[in-house]
Amino acid sequence: MNKRILVANWKSNPKSLREAVQMARAIDRASMFRRTVGVVVAPPFPFLAGVGRVLERAHLGAQDSFWAGGAYTGAVSPDELKSLGVQYVILGHSERRIHAGETDDMIGKKILAVLEAGMSPILCVGERERAGRDIPAIVGEQIMAALRGIPPAYAPRVIIVYEPVWAISTMPGAVADTPESAFRARAYIRRIINDLWGRALSESLRVLYGGSVTPENIGSFMRDSEMDGALVGGASLNPTLFGEIIRIAASVKRP
Ligand code: PGA
């Protein structure tokens, strides 16, 4: 059985390398449940090398990657990330889709490039508006568009995060999704992967939840939604809170 994964998505925080290294040290100390939970710390690009040097138990993640290296001013390539010890790369986060104009086509190219470089992509999908009972078709479309061109041999390394955009803590009026709706989203995502890559790969796929995760709700996302981990933004900037989230996620038994 795959381990649960908790990803600290620091976004464009903190303001200095010194603070980033302090936060990383504290999170690393809290990552002592290695048998049941894998912890990934994803700092901004300029802090990757410094944070990577102090992580002993947690893994290093990046928040984006370009799909190639060479004549692309301002871009960071998969090989460059890999050379810093990055093992996981968040791709298709809604903030990149919204503020950096990322399209499904770009995200698909990035996923393939990250896989070819030997890292694990963490693909974020989610609808912008809160819908009724049904998980909106957009989630399926985002997954198909991003993963259609990926050879099934790479599939075991792909991780998907269901992150409804309206639930992200910095969105006005944000509230976490309900465990029931997240449970349906996980089942729906697995059905799509079943159609794309078949049953065995859909069953071993890790689906994480993201959006206003806190120590108060992480337990029910693990237990009631049967999520395989979480992508945590705001609460991951506070090592005490994130340490609590790690401890609770590690203590909930696998269904
Ligand atoms: P949040 O952010 O935990 O602050 O809601 C999650 C994310 O955007 O990755």
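Kirkwood analysis of the Cα pair distances in region 48-106 returns a hydrodynamic radius of 12.6 Å.
Using a Förster radius of 25 Å, what is the FRET efficiency between Ile138 and Ala187 based on their Cβ-Cβ separation? Nearest 0.05, please. So the FRET efficiency works out to roughly 0.90.
Write down the accessible area per residue of region 172-255 in Å², having rolled a 1.4 Å probe over the full set of protein chains.
Values: 3550 Å² over 84 residues.
Here the per-residue accessible area is 42 Å².
222 nm [θ] for the chain, helices only, -39500 (n - 2.57) per DSSP H run of 4+, per residue, to 500?
Values: 10 runs with 101 residues, N = 255.
After summing the helix terms and dividing by the residues of the chain, the value is -11500 deg cm²/dmol.
The slack between Lys15 and Ser169, meaning 0.36 nm per residue of separation minus the straight C-alpha distance, is 53.5 nm. Rounded to the nearest 10 square angstrom, Asp228 shows an accessible area of 10 square angstrom against a 1.4 Å probe.
Compute the accessible area per residue over region 15-64, keeping the other protein chains in place, probe 1.4 Å, unit Å². Could the numbers behind the result be given before it?
Values: 2550 Å² over 50 residues.
So region 15-64 comes to 51 Å² accessible per residue, rounded to a whole number.
Please work out the C-alpha center-to-center distance from region 28-84 to region 98-148 and express it in whole Å. Computed from Cα coordinates, the inter-centre distance equals 20 Å.
What whole-number volume per residue, in cubic angstrom, does the convex hull of the C-alpha atoms of region 88-131 give? Don't skip to the end; give the middle numbers.
Values: hull volume 3.1 nm³, N = 44.
Dividing the Cα hull volume of region 88-131 by its residue count gives 70 Å³.
Across the chain, where is the longest run that never hits trypsin sites (Lys or Arg not before Pro) in a DSSP loop with at most 12 other C-beta atoms within 10 Å? Between exposed loop sites, the widest span is 149-252. Length gained on full extension, Ala68 to Glu129, computed as 0.36 nm times the residue gap minus the Cα-Cα distance: 18.7 nm. Pair-distance distribution P(r) for region 11-149, from all Cα-Cα distances in 5 Å bins starting at 0: 2, 10, 18, 19, 18, 15, 11, 6, 1, 0 percent.
Annotation: the chain has a Kirkwood hydrodynamic radius of 18.0 angstrom, from the mean reciprocal C-alpha pair distance.
Please label the shape of region 1-79 as rounded, prolate or oblate, based on the square roots a ≥ b ≥ c of the eigenvalues of the alpha-carbon gyration tensor (a/c under 1.5 means rounded; beyond that, a/b larger than b/c means prolate, else oblate). Before the final figure, lay out each step's value.
Numbers: a/c = 2.58, a/b = 1.46, b/c = 1.77.
Verdict is oblate for region 1-79.
P(r) tail, region 150-207: Cα-Cα pairs separated by more than 19 Å, 38% of all pairs. Length gained on full extension, Asp224 to Arg148: 24.4 nm, using 0.36 nm per residue less the C-alpha separation. What the Cα atoms of region 132-244 give is an Rg and a Dmax of 14.4, 41 Å.
Shape summary: region 76-212 maps onto an equivalent ellipsoid whose semi-axes, from the alpha-carbon gyration tensor, are 24, 19, 13 Å in decreasing order.
Rg over Rh for region 93-174 works out to 0.99, using Cα positions for both radii and the Kirkwood form for Rh.
Here is the list for region 55-126: GluC sites (Glu not before Pro) lying in DSSP coil, each with at most 13 other C-beta atoms within 10 angstrom of its C-beta, are Glu56. Of the accessible area of the chain, computed with a 1.4 Å probe over protein heavy atoms only, carbon and sulfur atoms account for 52 percent.
The values are calculated or read from the model by the stated rules, or taken from the named source; none is laboratory data. This one's a predicted model, so the numbers in the text were calculated from it and none came from an experiment. Using ideal geometry, Cβ is built from the backbone for each residue, glycine included, and neighbour counts are taken over all protein chains shown. What goes into the accessible areas is simple: the full protein's heavy atoms, side chains included, and nothing from ligands, DNA or RNA. Shrake-Rupley method; radii C 1.70, N 1.55, O 1.52, S 1.80 Å.
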